[in-house]
Amino acid sequence: MDNISEQQPIKLGPIRIPIDSDLVTDADEEIFLLYSNLQSTNSHIDSSGNFRGLGHVDSRQDTLSIKFELKGSVTPDGSYSSSAGSNSKRGKQASKKGKIKKKDKTVEIELVQDKTALRSRKGDTGSVVWKASIDFAQLILQQIYTCSSYSLLDPELLKKSHVLELGSGTGLLLLALSSYVGHYTATDIEPLTPLIRKNVSLNFPGWPTLAPGAPGSNVSVAALDWQELQASSPAQRLKNYTFSAPPSCSSLSSPNSTDPPGPLPIDLLLIVDCIYHPALLPSLLTTIAHLTTPGHTSVLVVSELRAEDVMREFLEGWLGMEGGWVVRRVGNSSEGEGEKKTALGNPYVMWTGWREAA
């Protein structure tokens, strides 16, 4: 693996790849490094000192209240509006120094789970909340809130982006991140879409008939079965599996594009904790290839490190796909906390994917 030598992050769509990220070219080497490092840590213990188990939060509860505690920091004046009023003494002092102090903030999301489906519906793992989604959302929300220069996602480009998530489950990431994106499309198998819609309506009352600009008005929920997509012909895929953002989400398209105006392709394909069953890997990879536009769509894969052979099979398949994929493991620019934390550490891995236009 070659270490990225540039002093500035590599920008691929809304993703900013840290300078200490590694190019991944060999699946065996990558998996060996990841799991050797994993074994040297107490990754089976969570931040509260409890056994992590499979990785779900609490499959016994019908409803969960998820809280994200965001730490304030001193940020450049003008990046965000000051929590101190502009006419207040404290606000004027902050402006003179060119800095503002943001207060700590709590973001709370109410989520309904379907604990019965987890036990009774074969293959259903998305009906409950998993820790990977919470940890990823905490990381991104903290980075955006503090205007961190270490932020994995560029906040300005994210506001103009169409983000499509695979395997959305309960819809937690949609609810946590949609306020910061141009348009957010959550997808999962058909039996799970009612649960996602229920949670969207619970947190964005009035959805899906909200006025433009209202929180939640930029959210779509759609059924997407990877295995059905894989079994479809190319013509059927184009007809039945196209998820375009509205024309208003247009700023990431090439300004020199000669394409006619209309809905745009996906800017960021988000895949969080979807690598767990070997039988689903071929269809997941086919779905990734179908939904990405070369030279336009960035892919971000976040996964808890569980079965080593499954992770290796996924990575081998991804690196072996046609199209000249470039895969990198996201580095952690500093092993710090809060706004200086670029990526999730153990027991997770974060990979980015990109393929150049022909």
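General observations
- The set of residues from region 270-290 being in a helix (DSSP H, G or I) and open to solvent by less than 10 Å² (accessible area, probe 1.4 Å) comprises Leu281, Ser283, Leu284, Thr287, Ile288.
- Looking across region 198-213, the residues that are at pLDDT below 95 and either open to solvent by less than 90 Å² (accessible area, probe 1.4 Å) or aromatic (Phe, Trp, Tyr) (or both) come down to Leu210, Ala211, Gly213.
- Qualifying helices (runs of 4 or more DSSP H) (wholly inside region 143-238; at least 2 residues being in contact with a helix residue (DSSP H, G or I) (Cβ under 7 Å, 6 or more places away or on another chain) and under 23 Å from Lys131 (Cα atoms)): 172-177, 193-203
- Across region 303-333, the number of residues qualifying as open to solvent by 40 Å² or more (accessible area, probe 1.4 Å), part of a loop (DSSP other than H, G, I, E, B), in contact (Cβ under 8 Å) with a residue 40 or more places away in the chain and of a type outside the set (S, T, N, Q) comes to 1.
The values are calculated or read from the model by the stated rules, or taken from the named source; none is laboratory data. From a predicted model like this one, the values you see are computed outputs, not experimental measurements. In this analysis, Cβ positions are derived from the backbone assuming ideal geometry, glycine residues included, and neighbour counts consider all displayed protein chains. The area values use the complete protein model at the heavy-atom level, side chains included, leaving out ligands, DNA and RNA. Shrake-Rupley method; radii C 1.70, N 1.55, O 1.52, S 1.80 Å.
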